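*Asks:* Right, I'll just put the structure down here and ask away after.
What follows is calculated from the coordinates using simple rules that are stated; it is not laboratory data. Computed from a predicted structure; not experimentally measured. Counting neighbours? That spans all protein chains shown, and the Cβs are built from the backbone with ideal geometry, glycine included.
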Amino acid sequence: MNKNKNNKSINWIELRGRERRGPEGILNKNCFIIDMDGVIYHGDRLLPGVPEFINWLQKENKKYLFLTNGSTRTPEEIQSKLKRLGLEVPASSFHTSAISTAMFLHSQKPNGRAFVIGDNGLLQALKDVNYNILDDTSLDVVPDYVVVGETRNYNFELLERAINYVYKGNQFFLKKKKNPKKKKKKSKNFQVQN
């Protein structure tokens, strides 16, 4: 418990109806941005007070957005997880780091090409902005961006390919700005040694 300016105890979790509990003025706020892991849930369990808080947001027609720096899940997959935990929240209420990445890349180069190391959340976010995802059949295509997100499927082959794309891209950029007096160096690919 914390105390407000009148030295009265403030209950930070319990919010009911229009009672004025919690941080000063929270009940009068119209919009809420809420972190996920460690705020709404921890692992596979909801934290205390969360169902009541979400019910209050919905009952009072408050706008809210869940933010997460995780890129592995799509909003629909996060929605499904919260449903299993007992919360009914629309998929449109989630914004992931994968969505932010996709929005940024689209703003820089619409309909571009990306080599991606990541899970479904990142892949789907990029597809949603019409990005072409390079796969094993597009080995000779140079991506506009190399994107590395969270995944359980890292492997040396993928990392080597990503590093080579970055290396070749940087080399190309440097060649355009090269000093004409310097001797041209031979290009080498990066290889992971076992």
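*Asks:* Binning at 10 angstrom from zero up to the longest distance, how are the C-alpha pair distances of the range 99-152 distributed in percent?
*Replies:* 27, 59, 14
*Asks:* List the chymotrypsin sites (Phe, Trp or Tyr not before Pro) within the range 119-158 that DSSP assigns to loop and that have no more than 13 neighbouring Cβ atoms inside 10 Å.
*Replies:* The qualifying sites are TYR154.
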